[in-house]
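Report on the structure given below.
Any read-out appearing in this document is the output of simple, stated calculations on the displayed coordinates, not a laboratory observation. Being a predicted model, the structure only gives us computed values, none of them experimental. A quick note on method: Cβ atoms are made from the backbone with ideal geometry, for glycine too, and the neighbour counts reach across all protein chains shown.
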Amino acid sequence: MFWVTLIVVGLISSLVFHPLFNSKAGESYGEKLNKIYGTYWAALVAHLIGAWLGGAYLGKWGWIVADYNVIGGFIGAIVIGYLWYLIAKSQTKAEANK
């Protein structure tokens, strides 16, 4: 159940927050989701890693489901997802300028 909760947190955070980070990609949600720097799958992996790290390192406080810190997982997923967005964006711009 721990892994199911972690995957759900990572998936929700990637579907909600990554299009917010990628706000200049288009008008609709679909355009923002499909025109992501570094592809959506890479962003999903980043959010899953962030959810795992956040749940593990932010302690046992807040909302705990199946021995997993959901709030900490969301915080970690958002932070790591945003860092991935910045890295992918800078790499994409660097390759475009070559």
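Assorted remarks:
- Theoretical FRET efficiency, 1/(1+(r/R0)^6), r = Cβ-Cβ of residue 39 and residue 4, R0 25 Å, to 0.05: 0.55
- The modelled label-to-label distance between residue 56 and residue 83, using points 7 Å beyond Cα along the C-beta direction, is 1.3 nm.
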